[in-house]
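Asker: This structure is in structure tokens; I'll ask about it shortly.
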Amino acid sequence: MVIGHAVGLLRSTSDLAVVVSNFVYMFHIPVLVLLAGWGARRTKADGTTLAKIFWQLLLPFVVFQLIAFLFNFLFEDDSPSWSFTSQTFGLWFLVALAAWRLLAPWFRGLKFAIPITILLALLAGLSPDIGGYLSLSRILVFLPIFLAGPWVIDKISMWRHDLRYKLVGAVVLLAGGVVTLLTRRDFWRTPFLGNAGYEALDVDPVEGMMWRLLVLTIGTAMAAAFMLVLPGKPGAPSPIGGWVAKAGRKTMYPYLLHLPILTLVGATAVSETFAPSFQTALFVIAAFVFCTVTVAKSITKLAAPLIEPRRALVRW
């Protein structure tokens, strides 16, 4: 997500940024949703879940929405709307994740939960009123992927033992890369965002449903492929593997901290310093470095009151 957002700042000037961001946007949301679904596989419909949703998702959402209001006012001369029903750039995921955690225990009790949620995702596009408000569109569009997360992630953990599956994953990613490279600015990225109905996409209902089903299929397949080709053997102890596993538990830090930083970068001339392609490469490298730095113990300790307020309060 960080890389996609970072190079997205350069889309107007760099063809390479367009290709990279289009490629990332084909599967980066499904990756996050699959992992979130796997992480919530034991979530129950009880008070403990509600408390966790408040402390882990809703309170950080309010904090970073306020930070976004401040940064937008200071650097983009944008008067705060003071609305929390429509999320500023990137924060939709917190609201959607809260809804998925609430809904998942109820859908798990249904025999055909995933087909039912796919049908809901397709039908949601029929209403022009289901959009960014409370992230309703994305909640419904990506709910099937969230529910499929436990099954898909468990399968991937098994398939990673087999080189044949890794090769299939590489081929799938390569195919996606070729498509984005050949289409460049003609690539239709909007359906992959999941936040627009069929009327907003300017397609009829049947075509819109076909696009949405295609996007869900491609996104899930490429997300699985991405996780399959990640280096390392499952369960094999190594310093790098241990660091990745530990950093994986802190992904909320780079996710939330990069949002105000990008607002600051976008408001300056930093994105226009070098040649477009070179600038894109620098932004990709900077995004990797940023993700590495923001999961470091010193940074997470400083940022914990904003991102993990309950943990910070307990420590104090």
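Every number in this text was worked out from the coordinates using simple rules, so none of it is lab data. In this text the structure is predicted, and so the values were computed from the model without any measurement. In this analysis, Cβ positions are derived from the backbone assuming ideal geometry, glycine residues included, and neighbour counts consider all displayed protein chains.
Asker: In a shell of Cβ-Cβ distance under 14 Å around Phe69, excluding Phe69 itself, what net charge do Lys and Arg (+1) and Asp and Glu (-1) give?
Answerer: Combined, the nearby Lys, Arg, Asp and Glu give -3.
Asker: Using a 7 Å offset from Cα along Cα-Cβ at Thr85, what residues in the stretch 126-145 end up with backbone N under 15 Å from the label point?
Answerer: Of the residues in the stretch 126-145, 129-137 have backbone N under 15 Å from the label point off Thr85.
Asker: Relative to the present Cα-Cα distance, how much length would full extension add between Phe54 and Asp78 at 0.36 nm per residue of separation?
Answerer: 5.8 nm
Asker: Computed over the Cα atoms of the stretch 2-315, what is the convex hull's projected area averaged over all directions, in nm²?
Answerer: Across all orientations, the stretch 2-315 yields a mean hull projection of 17.4 nm².
Asker: So how compact is the stretch 44-85: Cα radius of gyration and Dmax in angstrom?
Answerer: 14.0, 43
Asker: Something else about it: In nm, what is the difference between 0.36 nm times the number of residues separating Asp129 and Ser12 and their Cα-Cα distance?
Answerer: That works out to 39.2 nm of additional length.
Asker: Take each uninterrupted DSSP H stretch in the chain, measure its Cα extent along the helix axis, and return the ones at 27 Å or beyond whose mean Kyte-Doolittle hydropathy is at least 0.5.
Answerer: 136-159, 163-183, 205-229
Asker: OK, next. Give me the distance in nm between label points sitting 7 Å out from Cα along the Cα-to-Cβ direction at Thr183 and Phe112, one decimal.
Answerer: Roughly 3.0 nm, to one decimal.
Asker: Once a ≥ b ≥ c are taken as the square roots of the eigenvalues of the Cα gyration tensor of the stretch 1-74, is the result rounded (a/c under 1.5), prolate (a/b larger than b/c) or oblate (a/b not larger than b/c)?
Answerer: Here the stretch 1-74 falls in the oblate category.
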